1. What's the number of the only condition in (1) over 30 Å from PHE174 (Cα atoms); (2) assigned to a helix (DSSP H, G or I) that ILE142 fails to meet?
2. If ALA190 satisfies all but one of (1) under 16 Å from GLN300 (Cα atoms); (2) small (Gly, Ala, Ser); (3) in a strand (DSSP E or B), what's the number of the condition it fails?
3. Residue by residue through region 203-235, note down the ones that are in contact with a Phe, Trp or Tyr (Cβ under 7 Å, 6 or more places away or on another chain) and among the aliphatic types (A, V, I, L, M).
4. In region 180-198, how many residues are farther than 23 Å from LEU104 by Cα and more than 22 Å from the chain's Cα centre (by Cα)?
5. Can you spot a residue in region 294-301 that is aromatic (Phe, Trp, Tyr), touching a Ser or Thr at 6+ places or on another chain (Cβ under 7 Å) and surrounded by 16 or more Cβ atoms within 10 Å (Cβ to Cβ)?
6. Checking GLY198 against (1) touching a Lys or Arg at 6+ places or on another chain (Cβ under 6 Å); (2) closer than 22 Å to PHE447 by Cβ, which single condition isn't satisfied?
7. Could you please find all residues in region 320-355 being more than 20 Å from PHE246 (Cα to Cα) and part of a helix (DSSP H, G or I)?
Amino acid sequence: MCSDTTDLTGRRKVKCTAKCSDKFTAKGKNTCVKASRRHRTKSLLISKTSLFLSECLPDFHIPIGPAALPVLPTLDAVEALNDPLDIDNIQADILAGMLKKKELFFFFSIQDAARFKAKLVSDIVPLVTSTSEILSVDTQPITAVNIAFSNTGLVALSLDTNALGDSDFVAGQFSDAGQIGDDPSLWNPAFTGTNIHGVFLLASDTLVNIHDQLAKIQSALGSSVTEIHRLQAGARPGPEEGHEHFGFMDGISQPAVEGFTKLVLPGQTLGVFLLGERGDPFQNSHPSWAVDGSFLVFRQLQQLVPEFNKFLTDHPLGAGKLTPEQGSELLGARMVGRWKSGAPIFLAPTADDPVLGADRTRNNDFNFFIKFNQTRCPFSAHIRKTRPRGDLGPSEDTKNFIIRSSIPYGEEVTPAEADSHTTSVDRGLAFGKFSFFSYQTNINNGFVFLQQSWINNERSVLSLVPAQSS
């Protein structure tokens, strides 16, 4: 995770923790597991100033990607709010994303802390992209750059990470691997040690631009860092843009952010994701360099797409009432909780409704209020596990919410893979492989809670509801 804040040199600071995991199967920190195979890391994205260690109205929103997804506010819309966040001091990826189709995650280890600090201030901080910069076409860079540091990276830079008040971040990815169901022996080897000190997030419209910018960064830092791991990702081609490798529209249920979101959509909830800002339960206890930062959990999740498709083909639902193809599509939708278009099965239980899926004012407006009933949506569906909505009562506790920013990695399924029903090319989400980031003010309340108490809970989350409230 990374956050951008002001301190030390009066400009930006960044912290990180990286993790990897799969959307449909996930395990520990700095982890990798098949089909999903995972990689995980924890980091802190620091505020930009702290980095120096050294149908919506067009004037309100920026459409990004498919129509099904929430829109971003314009720079003017944020500035017009009564109490806007200081988006000049918040790294772009936390609230807005990088708004580019190609992305590279470059994980590094610090070898010479003194030289790294000096170069961070003189060469790297000027490259870091803020939220305000990404929201305006006039200031969007050709290649956006963000940076985050792990606990060991911050310690290498002589910072007191205990002052952050997040024991999970300080303890590192191995401390709760078993707690969240991860097996570190299955992680990508790059994430099985503690020598990842930070990660650069670089995004652009072409890989050439990204590699040119990375070359400049590496040239500036020289021998002060060494490369540990890199992961290249990007939006899927053509009509599949916005869909992950299993084929489902991704990113529909992102929360809104007070002081940033101009128009909260039906079904969208407000969450707390920035250290030291409104709603942060530890608002007054963070060091100044961490304010406006956010804890990042990075998961690299491998998706076994041919095998997943074969499973759906072999187990179609609705025998005698649906064609085999329709039955397989229904099984996939009930596993995820949405059809591939993004339409929720709670609102469209028997067939896909692409018009509903593309309507951001309706595709997230439901609540599972039918108690102890999974006729419209199974308790085990992905979207019901990760956000139980009305299952836990009429109001949702937003302290467990995260901002999940994901992008597919790996090539499209080849004809040979489809014919053999066997994966031979690594792909997923960086969230097949699939990469995924989540931002929160506390890792235990956010990512760990979701993974342990909701996702890995073998029983319905209704088992967590006190008897008197059922």
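The values are calculated or read from the model by the stated rules, or taken from the named source; none is laboratory data. Since the structure is predicted, the reported quantities are computational estimates derived from the model, not experimental observations. Heads up, the Cβs are rebuilt from the backbone with ideal geometry, glycines too, and the neighbour counts pull from every protein chain shown.
1. (2)
2. (3)
3. The first filter runs over region 203-235 and keeps only residues in contact with a Phe, Trp or Tyr (Cβ under 7 Å, 6 or more places away or on another chain), leaving 214, 217, 221, 224-233.
Once the filter is applied, which keeps residues that are in contact with a Phe, Trp or Tyr (Cβ under 7 Å, 6 or more places away or on another chain) and among the aliphatic types (A, V, I, L, M), region 203-235 yields LEU214, ILE217, LEU221, VAL225, ILE228, LEU231, ALA233.
4. Count: 1.
5. yes
6. Unmet condition: (1).
7. Once the filter is applied, which keeps residues that are more than 20 Å from PHE246 (Cα to Cα) and part of a helix (DSSP H, G or I), region 320-355 yields only VAL355.
Quick grid of which residues meet (1) crowded, with 24+ Cβ neighbours inside 10 Å; (2) under 28 Å from TRP187 (Cα atoms); (3) hydrophobic (A, V, I, L, M, F, W, C):
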| position | (1), (2), (3) |
| --- | --- |
| ASP250 | yes, yes, no |
| LYS262 | no, no, no |
| LEU275 | yes, no, yes |
| ASP280 | no, no, no |
| PRO306 | no, yes, no |
| LYS321 | no, no, no |
